[in-house]
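Chemist: Here's a structure for you.
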Amino acid sequence: MLLEENQIAFHPEDGLIFDGVKDYSRQIAEMLGLGSDSELFQAGVRTVLDIGCGFGSFGAHLVSLKLMTLCIAAYEATGSQVQLALERGLPAMIGNFISRQLPYPSLSFDMVHCAQCGIVWDKKEGIFLIEIDRLLKPGGYFVLTSPTSKPQGRSTSMKKRNMLTPLEQFTEKICWSLIAQQDDTFIWQKTADAHCYSSNKKNDVPLCKEGYDAPYYQALVPCITGTSSKRWIPIQNRSSSSDLSSAELEVHGKYCSCSFFLPAHAF
């Protein structure tokens with residue numbers, strides 16, 4: 001796995017404007033109010049979905065911080081992002097959610113990251129954001145880095161504001177809060193309150209009926225799932241340990257009569 005300091009760096013083709021992946025990761029952590037990215041795990045961020053992962057440098061760095069990061073990108077005949085990530089020893093798979101849900105249960109990831117991943121998030125009546133909401137755990141984060149060019153006769157900040165207004169309007173409807181913005185990076189946090197979706201006056205996105213939570217390439221649906229799940233546990237409320245107790249296993253439908261559990265590092 002290419003984790004040496006001189007090997008973890010964004011290439012020019014990645015399109016990011018930061019000096020390096022460590023600076024970028026540290027910036028995200030500071031935007032979350034943390035002292036450094038080494039505190040992400042303690043803050044509840046343990047699983048990250050990286051959409052359009054480029055050379056896999058961001059994912060490789062997060063792995064070095066003991067965060068489980070999965071790269072997902074569309075099929076490419078040449079220069080496959082997924083193949084590059086796999087060559088680096090990083091978990092990766094080909095996939096997109098243009099028409100179907102990703103093959104993961106609801107409430108699966110603590111953070112979803114998109115850096116110029118090519119998705120227009122406010123199109124199709126926000127259905128792509130609804131899919132991200134399905135995947136995010138309560139209190140989880142959506143990190144979007146989307147550089148914009150300065151238009152003629154207008155300020156860059158005004159251009160960004162205009163570009164993000166549709167996103168801000170829709171994220172309010174699905175109970176997300178824009179908690180931080182710095183340069184071209186924006187971070188939204190999903191609500192930890194399951195009742196927000198039904199009580200939000202701005203919410204015109206309905207709750208899904210039962211049976212919409214099957215995670216096997218179902219069609220994208222314009223409704224909210226997971227609010228009645230036993231797994232609705234805010235990431236900030238979990239223990240700092242990576243081990244699961246018997247009670248936590250039961251939440252996931254697993255049962256064990258063992259009086260103890262081996263720590264994760266034992267496997």
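Chemist: Any of 22/190; 66/209; 22/123; 66/124 with alpha carbons more than 30 Å apart? Name them for me.
Modeler: 66/209; 22/123; 66/124
Chemist: Could you compute the net charge surrounding residue 30? Neighbours are other residues with a C-beta less than 13 Å from the C-beta of residue 30; K and R count +1, D and E count -1.
Modeler: Here the charged neighbours net out to -2.
Chemist: Kindly put 71, 117 in sequence by how many other C-beta atoms sit within 10 Å of each C-beta, fewest to most.
Modeler: 117, 71
Chemist: If you take every residue apart from residue 43 with its C-beta less than 15 Å away from the C-beta of residue 43, what net charge results, scoring Lys and Arg +1 and Asp and Glu -1?
Modeler: Here the charged neighbours net out to +2.
Chemist: Starting from the Cα-Cα distance between residue 68 and residue 23, subtract it from 0.36 nm times their residue separation and give me the gain in nm to one decimal.
Modeler: 14.3 nm
Read-outs: derived from the displayed coordinates by stated rules, not from any lab. If you're wondering where the values come from, they're calculated on a predicted model, not measured in any experiment. As a convention, Cβ positions derive from the backbone with ideal geometry for all residues, glycine included, and neighbour counts pool all protein chains shown.
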